[in-house]
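Take a look at the structure below.
Just so you know, all these numbers are worked out from the coordinates, no wet-lab data involved. Bear in mind the structure is a predicted one, so any value in this text is a computation, not a measurement. A quick note on method: Cβ atoms are made from the backbone with ideal geometry, for glycine too, and the neighbour counts reach across all protein chains shown.
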Amino acid sequence: MHKTYEPQAIEETHYKRWEAAGYFAAGSGDDGFCIVIPPPNVTGTLHMGHAFQDTIMDTLTRYHRMRGVPTLWQPGTDHAGIATQMVVERQLNGEGKTRHDLGRDAFVDRVWDWKRTSGGRISDQLRRLGASVDWSRDRFTMDEGLSEVVRDVFIRLHDEGLIYRGKRLVNWDPVLRTALSDLEVLSEDESGHLWHFQYPLTDGSRTLTVATTRPETMLGDTAVAVHPDDERYQHLIGQTIKLPIVGREIPIIADDYVDPEFGTGCVKITPAHDFNDYEIGQRHDLDQINVLTDDAHIVSDMPEPFAGLDRFEARKRVVQTFESLGLLERIDDHTLKVPRGDRSGSVVEPYLTDQWYVRVGPLAEPAIAAVEEGRIRFVPENWSKTYFNWMNNLQDWCISRQLWWGHRIPAWYDDAGGIYVGRDEADVRQKHALADDVALRQDDDVLDTWFSSALWPFSTLGWPEQTAELKTFYPTTVLVTGFDIIFFWVARMIMMGMKFAGDVPFREVYIHGLIRDQDGQKMSKSKGNVLDPIDLIDGIELEDLVEKRTTGLMQPHLAPKIEKATRRQFPDGIPEYGTDALRFTFASLATNGRDIRFDLGRIEGYRNFCNKLWNASRFVLQATEGVDLDIAEASAGSLPERWIQSRLTQMVTEVDRQFARYRLDLAAQAMYEFTWYEFCDWFVELAKSTLYDDSAASPTKASMARTALETLDALLRALHPTMPFVTEEIGLKVAERLSLSRETLCTAPWPEAGTSDSEAEQDMTWLQGVIGGVRQIRGEMDIAPGKPVPVLLADANDEDGRRVEALEPLLSRLANLESLELVATSPEACAVALHDNLKLCVPMAGLIDVEKERDRLRKLLDKTSQDLAKTAGKLSNASFVERAPEAVVAEERRRAAEHQSTLERLESQLAEIEALAR
RNA sequence: GGGCGAUUAGCUCAGGGGUAGAGCGCCACGUUGACAUCGUGGAGGUCGGUGGUUCGAAACCACCAUCGCCCACCA
């Protein structure tokens, strides 16, 4: 083995072997453990969020696999309609073409080409992360089987009246020229204006002032509304306005939507371009006059010069016109929510179109009940509130998109406006008994990407066939995802799963936090703060990192700033940390749901941890080389052996407990602490006494060697789900030494928690305490670590005597003692450390500085009297003694006595030292 | 306008009615045959504020402050 841990040397070969051997293939049997991967966008790359999420899923999957449960981590990718189409369109634009130049079929072919070249990147990245997915089951949301499921589900929902086609206002992205669901629209505060227009009454008696943030929509106004109780305007209700520019007569109506306190209390009503106005229009049976084309220009039948103008240009012209008419009252600055498409960033228009909708009410009910009744549990629990909040206020889901890339809607139209839904044209003709000469045309639109994603947990398992996988793995065990897609995805999977697969899609939803940069900023290309998980694994030179962060920016002018920040933060680039260190870091950061600042110091620490494990293993392998394990004595073994086994057991118990509650951070902590502070710091050091002792009786040595190897083996298995590569590399060597026929840790048994050995733990605590006392004196008295010191033990009881006798060699070695002697009374000239009743003394003779020791004792004394005061205070409080639980009071009494005794002993010691200092 | 979360050591974060924890950083000493990506010792905190509940509060409750996020149709 190399002296230092070198991740690159070991990672890739193991993964290839694992995959080839089929260790990750879906298991079979009852009660499987299953996670479906949230399918990443097929044309994207994995970012830190994915890597974090994948680490969590892989760790859980590997853990259950080792526990012998039939296991499946189902992989796959998503066609990501809009996102993917945009990427390919951008490529085309680079060639000076648009998708319309190619036509639908050629364009879709081109996207498929791109999918094929790009999809492999994600698979490669997942492999680098060590993801133990079953590659043989890899799926794509638009592959043949899943497309069929999508189509069948659509048909069934339609047949049951849960999907319908309707003309109403939708969120329209005029750049992408498609409808969007409510969720795909993000509203942010932006500064704008509130224009006050005067609308003259038809009879010319007066004007009414309306305020608007959308002047151009006035071309489509069909009413002015006031509040029914508003005394200022009550007498005008029913009269008409002569709408400027267009000259249309529109009524003044009363509707209690209007807030009399806001603005003038008069609202212009444009039913075709505003969601509220649309509803008012419905209530008052108003015309819906559309004034915009699908790319947000003014329609041609509007008056000159407005017809054909872009919406923002039209806005200016409308304002100018009102001004020239003397009807512009004033312009106020105004902050408003501007709705933008989450992909294009363009301002979304409420737009009157025919679209397909899912009637979600009937689907939502059982989905709400499933969470209420605990058949699905959110972890952390409070996310269920977010879920309920949304589910109880659901609008019908607009599922049609005017795109080319996606699942084509299985609906056909005849020339008379009839709509037929079916598997294909032939099916439709048969189902509806349509004659061959009736011309049918398929709907041009595709489905919202999330429609197919909603089916993912059962479509990937083979539904509607009753496959073995469906039986073993559905409902899946846990969904691991971010809170940002609870609405987009989680809620819809629950609705669809219950509707079609007949049960909840997963029993638990583990919601993890968002990975942010070291300053708490969201990572994004435009901020230039993105970290690529692969760069943390392999390392990257500064120049390459700068290059990566500054090319392909949407706003190239940000490049210098990004470059500067990058050079400042990573003056030497990023070193190679390896996959295991990255994974362990993610696990350690996986606390309950809160956002995570990713800090390089952390990953460096865990890289060091890998190295520590590596070297401890190196020691164990070296020191046990050539030892005949078979002659190990049958007894329970020496104290260090009994102790480390006891600690191992407790560590495994703790890890089991924490994995069960998805606290990967606490599991990681337990493993880290056991590995470093118990196995390395104590067991390895203690084992040296035996393993390096040439004169040691062979059975004793063999026993120690066996314990060292077996403990290490169990430790490696425990760490394997979190750090698969380094543990595999070492674990196979250890297994070989133990003569275990084991090809991999992937399917090795998870370590069993045995029983703990409290006697061994108590003895060990004593040993650690005594060694600690000596080291403390050594450290604070500046005694060179290499210099052996004599130690006298005073006030020893029988138990101490027994322990000294049994453990003297270990004690001497670890504390580096020159001698160890039990004495009746300690000499006055010594430095002292107390451990329980025991008084450890290091005689002065040339070693101890009297004044230093005096200061040290004073400090200790100070601390002890503070502690004593605290406990004494409690005990002198009558109501504490009276009301606190007996055990607490007893503990407090014990403590007080201990402090008292310590205090007295320190005082007398101090007195002696002070006498010497004089 | 509703809802949620955060505030603990210099930094990043666990914890949780009974003596304040970890990693990193910091200080001192140290190349003993696993490891300087290391070892030993050490310093460092009124647990955001104010009230309340309690024998006891950093923890539970109320209010406040600051920061962050989500949802919502005010022209």
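The Cβ shell under 15 Å around A:PRO38 holds other residues with a net charge of -4, Lys and Arg each +1, Asp and Glu each -1. Take every DSSP beta bridge whose two residues both sit in chain A; close to 70 percent of them are antiparallel.
Centre-to-centre, using Cα atoms only, the stretch A:93-135 and the stretch A:832-860 are separated by 72 Å. Between the amide H of A:VAL480 and those of A:TYR510, distances stay under 5 Å, these residues lying 5 or more places away or on another chain, with hydrogens modeled in the peptide plane.
The distance from the alpha carbon centre of the stretch A:704-775 to that of the stretch A:329-389 is 50 Å, rounded to a whole number.
Where the centre of each part is set by its Cα atoms, how far does the stretch A:565-642 sit from the stretch A:448-521, in angstrom? The stretch A:565-642 and the stretch A:448-521 have Cα centres spaced 33 Å from each other. As a proxy for reagent exposure, A:SER703, A:SER741 were ordered by neighbouring Cβ count within 10 angstrom, fewest first; the result is A:SER741, A:SER703. Kirkwood radius and radius of gyration were both taken over the C-alpha atoms of chain A, and their ratio Rg/Rh is 1.10. Helix A:579-589 and the longest principal axis of the Cα set of chain A meet at an angle near 80°. Each residue, A:HIS432 and A:ARG232, gets one label point 7 Å from its Cα in the Cβ direction; the gap between the two is 5.3 nm.
In terms of surrounding Cβ atoms within a 10 Å radius of their Cβ, A:PHE33, A:PHE674 rank from fewest to most as A:PHE33, A:PHE674. Using R₀ = 60 Å, calculate the FRET efficiency as 1/(1 + (r/R₀)^6) where r is the Cβ-Cβ separation of A:ARG894 and A:PHE388; round to 0.05. Efficiency at R0 = 60 Å is approximately 0.75. Both numbers refer to the Cα atoms of the stretch A:581-706; Rg and Dmax are 17.4, 56 Å. Note on A:GLU743/A:ASP681: beta-carbon distance plugged into 1/(1 + (r/R0)^6) with R0 of 22 Å gives a FRET efficiency of 0.10. Taking θ as phi - 60° and the Karplus parameters 6.51, -1.76 and 1.60, the scalar couplings of the stretch A:478-488 work out to 8, 9, 10, 7, x, 5, 5, 10, 4, 7, 4 Hz in sequence order, x denoting glycine and proline.
What shape does the stretch A:694-742 take by its C-alpha gyration tensor, where a ≥ b ≥ c are the square roots of the eigenvalues and a/c under 1.5 counts as rounded, a/b above b/c as prolate, and the rest as oblate? Prolate, since a/c reaches 1.5 and a/b exceeds b/c. Putting +1 on Lys and Arg Cβ atoms and -1 on Asp and Glu Cβ atoms, find which of A:PRO303, A:PRO556, A:ALA426 reaches farthest to the positive end of the dipole of chain A. Value: A:PRO556. Unpaired Cys in chain A, meaning no second Cys C-beta under 4.7 Å: A:CYS34, A:CYS266, A:CYS398, A:CYS610, A:CYS680, A:CYS746.
Bridges between two residues of the stretch A:168-221, per DSSP, are antiparallel at a rate of about 100%. Please state the shape class of the stretch A:799-909: rounded when a/c is under 1.5, otherwise prolate if a/b exceeds b/c and oblate if not, all from the C-alpha gyration tensor. It comes out oblate by the Cα gyration axes. Couplings 3J(HN,Hα) for the stretch A:379-389, derived from phi with the Karplus relation 6.51 cos²θ - 1.76 cosθ + 1.60 (θ = phi - 60°), are 10, x, 4, 5, 5, 4, 4, 4, 4, 4, 3 Hz, where x marks Gly and Pro. Taking all Cα pairs closer than 8 Å and separated by 6 or more residues, the relative contact order of the stretch A:801-918 comes to 26 percent. Expressed to the nearest 5 percent, the antiparallel share of DSSP beta bridges inside the stretch A:757-909 is 65 percent.
Which shape class, rounded, prolate or oblate, goes with the stretch A:356-461 when its Cα gyration tensor gives a ≥ b ≥ c as root eigenvalues, a/c under 1.5 marks rounded, and past that a/b bigger than b/c marks prolate? It is prolate, given that a/c is not under 1.5 and a/b is the larger ratio. Considering all C-alpha pairs of the stretch A:263-370, those separated by over 22 Å amount to 52%. Neighbours of A:GLY81, meaning other residues whose beta-carbon lies under 10 angstrom from its beta-carbon, give a summed charge of 0 when Lys and Arg score +1 and Asp and Glu score -1. As a proxy for reagent exposure, A:LYS870, A:LYS688 were ordered by neighbouring Cβ count within 10 angstrom, fewest first; the result is A:LYS870, A:LYS688.
Under a model in which nothing but the beta-carbon of Lys, Arg (+1) and Asp, Glu (-1) is charged, the stretch A:153-286 shows a dipole of about 620 debye around its Cα centre. Applying 1/(1 + (r/R0)^6) with r as the Cβ-Cβ distance of A:ASP628 and A:ALA559 and R0 = 60 angstrom yields a FRET efficiency of 0.35. The length gained by stretching the chain between A:ASP101 and A:ASP694 to full extension, at 0.36 nm per residue less their Cα-Cα distance, is 205.1 nm.
Mind checking which of A:GLY573, A:LEU514, A:VAL87 is farthest towards the positive end of chain A's charge dipole, using Cβ charges of +1 (Lys, Arg) and -1 (Asp, Glu) about the Cα centre? The listed residue farthest towards the positive side: A:GLY573. Based on the convex hull around the alpha carbon atoms, the stretch A:75-164 presents an average projected area of 8.0 nm².
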